[in-house]
Amino acid sequence: MLKILYNASVTSSNDDRSVSRNEFTAVRSRYDLQRGSKSLELTKHFQNNFSMKKLFISIFSFACLLSSADEDYHYFVNLNKVTNDKISVELTPPDVSQNEIEFSFPAMVPGTYEVYDFGRFVSNFKATGKNGATISVKKVNVNTYKLSPAAQIEKISYEVDDTFDKNDLPDTKKKIVFEPGGSNFEAEKIFSFNTFCLFGYYKNMLDRNFILEFEKPKGFYPSTGLSDIKLGETKDVISVFDYHNL
């Protein structure tokens, strides 16, 4: 788990360039191409047993199947919108086939030596269904939400409160988060947060790609230990594999 710090830049780098939504989509496409190449390799084993027509149908079917499934977490955070020290988070989650699934925020993370229950800083948790489908959201505990039908989930959204100056939330006076392990949102000034303060995950689905897109005020730049990052004037995209590396 790593921290990301956004602050105003004193000087602008010549290497900075704008990151468009097309470039963000290109990051997603790279993984789709990798999966697509694997499907072609698998299909080659059947060349001796099928006609060229059937082979074409097989390749097309595999390609359609893989293109319709997305196994990555795609997060979007708009740092330009801060309300009462809260920021909004949107997630396009991985596609799943089961009817019910649990979405969780960490209760405890390595290095904190304390059960902080980071889900208590999350509010207005919602799930939107594909083609207008209704998604049932049931709060299991302070950190976990049960969603169904899971296969129809298109988007998840919620708000996150910072931890630095909070003593008005349940149990916050008893469980004050040690500052280096928390978060601080000050509009147009600074955004300091550990990734586990903002981002959740599906139960038993940690080993996926996490793609984080940040829309930021002009003149801000990120400081983080995460290495796969595309910097832009108003948007940055960070990619990492596995929640434990996030």
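Yes/no per residue for (1) touching a strand residue (DSSP E or B) at 6+ places or on another chain (Cβ under 9 Å); (2) surrounded by 16 or more Cβ atoms within 10 Å (Cβ to Cβ):
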position	(1), (2)
GLY119	yes, yes
ASN124	yes, no
LYS130	yes, no
THR134	no, no
LEU147	yes, yes
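Figure legend. Inter-residue proximity from segment 107-127: first residues farther than 17 Å from TYR145 by Cα, second residues assigned to a strand (DSSP E or B), beta-carbon distance below 8 Å, spacing 6+ or different chains. Indicated pairs: VAL109/ASN194. Restricting attention to segment 69-125, the residues being among the basic types (Lys, Arg) and modelled with pLDDT of 95 or more number 0.
Residues that are modelled with pLDDT under 95: find the strands (runs of 3 or more DSSP E) completely inside segment 166-246 holding 2 or more of those.
Values: elements: 183-186, 190-194, 209-215, 220-224, 235-241.
Filter on segment 166-246 gives 183-186, 190-194, 220-224.
Restricting the first member to segment 198-214 and to residues that are under 14 Å from VAL96 (Cβ atoms) and in contact (Cβ under 8 Å) with a residue 24 or more places away in the chain, and the second to residues that are crowded, with 21+ Cβ neighbours inside 10 Å and among the basic types (Lys, Arg), no beta-carbon pair is closer than 7 Å while six or more apart or on different chains. VAL137 - would you say it is touching a Phe, Trp or Tyr at 6+ places or on another chain (Cβ under 9 Å), part of a loop (DSSP other than H, G, I, E, B) and at pLDDT 95 or above? Spelling it out, it is not the case that VAL137 is touching a Phe, Trp or Tyr at 6+ places or on another chain (Cβ under 9 Å), part of a loop (DSSP other than H, G, I, E, B) and at pLDDT 95 or above. Residues considered: VAL109, VAL115. Of these, the only one that is among the β-branched types (Val, Ile, Thr), assigned to a loop (DSSP other than H, G, I, E, B) and touching a helix residue (DSSP H, G or I) at 6+ places or on another chain (Cβ under 6 Å) is VAL109. Evaluating ASN99 against the criteria (1) part of a loop (DSSP other than H, G, I, E, B); (2) under 22 Å from the mean Cα position of the chain (by Cα); (3) buried (at least 16 other Cβ atoms within 10 Å of the Cβ) leaves one unmet condition, (3).
Checking PHE178, PHE210, PHE164, PHE199 one by one, the residue that is within 24 Å of ASP85 (Cα to Cα) and crowded, with 21+ Cβ neighbours inside 10 Å is PHE199 and no other.
The values are calculated or read from the model by the stated rules, or taken from the named source; none is laboratory data. What you see is a predicted model; the values in this text were computed from it and never measured. Note that each Cβ is placed from the backbone with ideal geometry, even for glycine, and that neighbours are counted across all protein chains shown.
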